[in-house]
Amino acid sequence: MTALTDDAPRTRWATRQDIPALKALMERAIDALQTGLLSPEQVAASHAIMGLDTQLIEDGTYLIAERDGVIMGCGGWSKRATLYGGDHSSALRAPELLDPAQHPARIRAMYTDPDFVRQGVGRLILKGCEDAAASHGFTSVELMATLSGERLYAVNGYQPVETVEAVANGIAIPLIRMQKPL
């Protein structure tokens with residue numbers, strides 16, 4: 001859907017056929033990109049609260065960046081109340097639809113393959129998601145950032161709202177809720 005140059009990543013909306021590749025990318029990203037920011041126990045526990053929410057694919061709001069058939073990163077936006085979490089984290093699920101006049105859209109499940117970090121992949125996906133949310137009437141966006149994602153969001157205009165700790169398997173994982181006007 002989007003191309004920057006001939007060798008730049010292209011974006012497209014994910015389909016169910018992408019699920020195995022997306023899950024594998026997410027596993028690698030969670031393990032590799034949080035190392036050094038979180039303890040090994042926190043990285044392991046992160047898998048319980050992070051991952052793919054297939055509702056985003058069903059809603060047609062989950063974007064993939066790829067080049068030559070290789071998925072470089074992924075992320076989505078949502079018109080639903082769920083702020084973060086994957087299919088397996090049912091306690092975090094809130095499928096109610098948001099009112100664009102009253103609520104921010106959600107930026108969800110942003111992951112860059114560790115082989116492609118610092119190459120503009122996250123920024124490309126984030127911009128595509130923000131543009132899509134704006135085209136659906138949303139005037140702001142909100143997300144729950146990991147420590148590894150906080151810098152990307154901050155340089156793209158997101159402001160921290162609160163710092164929270166999610167607890168998974170008895171381990172506290174720091175997260176930052178951030179917002180941005182569109």
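The values are calculated or read from the model by the stated rules, or taken from the named source; none is laboratory data. Remember, it's a predicted structure, so these values are computed and weren't measured experimentally. No Cβ is skipped: glycine too gets one built from the backbone with ideal geometry, and neighbour counts run over all protein chains shown.
A compact table of results
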quantity: Residue in the stretch 117-125 that is closer than 16 Å to residue 145 by Cβ, surrounded by 24 or more Cβ atoms within 10 Å (Cβ to Cβ) and of a type in the set (A, V, I, L, M, F, W, C) present; calculated: yes
quantity: Qualifying residue in the stretch 80-95 (condition: over 18 Å from residue 175 (Cβ atoms), crowded, with 19+ Cβ neighbours inside 10 Å and either modelled with pLDDT of 95 or more or not charged (D, E, K, R) (or both)); calculated: yes
quantity: Where a residue in the stretch 137-161 is closer than 18 Å to residue 73 by Cβ and its partner, wherever it lies, is of a type in the set (S, T, N, Q) and surrounded by 15 or more Cβ atoms within 10 Å (Cβ to Cβ), with Cβ under 6 Å and at least six apart; calculated: 148/34
quantity: Hits in the stretch 147-182 (condition: hydroxyl-bearing (Ser, Thr, Tyr), under 20 Å from residue 128 (Cα atoms) and outside any loop (DSSP other than H, G, I, E, B)); calculated: 153
quantity: Filtered residues of the stretch 5-23 (kept if under 17 Å from residue 67 (Cβ atoms) and free of Cβ contacts under 8 Å to residues at least 12 places away in the same chain); calculated: 5, 6
quantity: Residue selected from the stretch 16-37 under the condition in contact with a Ser or Thr (Cβ under 7 Å, 6 or more places away or on another chain) and more than 27 Å from residue 133 (Cα to Cα), by the criterion surrounded by the most Cβ atoms within 10 Å (Cβ to Cβ); calculated: 34
